[in-house]
Structures are given as C-alpha cells and as structure tokens.
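Laboratory data are not the source of any read-out in this text; all were calculated from the coordinates shown. Not measured: the values here are computed from a predicted model. Note that we place each Cβ from the backbone using ideal geometry, even for glycine, and neighbour counts take in every protein chain shown.
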Amino acid sequence: MLKFWLVLLLVLNAAVLAWQWDAFARWGHGPHQQREADRLQQQVRPEALKFEVMPPASATTPPPPALPDANALPPTADASAPDTASPAPALSAPGSSAPQATPR
C-alpha cells in the first residue's frame, strides 16, 4: 500500500512539473503567464524610471589596514616586568574628598 502512495505522489509531482513547464499549453492548460496585468496597466510612465548601477564598495573605500600576524609577538626584554606603556587609571579611595550628591 505504501508503494502505491509513493508512486502516486511521484506521478502527481511529475504532472505538476510538466504543467509548470507548459507541457499542456497546446491543449489550453498551463500556468498563468501574466499574473499582474491590472497593476501593469495602472503604471504611470514606467519608461521614466531610471536605474543607476552603483560602483562596488571596494572601489570607493580604501582597503582596511593590514592586521599584524597573531602568532608574531613583539620581543620583550623581561617577561616579569610590568607593562608601563599603558598605566592603569588611579582609583580614588572610599571616603576621599570627592564631592558627593546629597538627596533633597
């Protein structure tokens, strides 16, 4: 019974595919060729539309700078020395003389 349904579905799929490809058009059975005829007739001056092709983005913008290789690390003098190139911001201690907002 399952084979029957499988063959039936395959035959129906083949029939629908043939219908979409206009295999039955000579007998008057085929898909609608012009689906939006009313909308096409309502257009006002469609010849006035102009489409401009934009240049590719790579032609107008410069390429991004090359990133250094992730595997190549700069040589350091001493691995245990702290990094002094970017010092950490100083934190204020609690209770310092910074002004605080008072509720009203």
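Roughly how many nanometres apart are two label points built 7 Å out from the Cα toward the Cβ at LEU8 and ASP38?
According to this spin-label approximation, the distance is 3.7 nm.
Based on other C-beta atoms within 10 Å, arrange PHE24, PHE4 from fewest to most.
Ranking PHE24, PHE4 by Cβ neighbours within 10 Å, fewest first, gives PHE4, PHE24.
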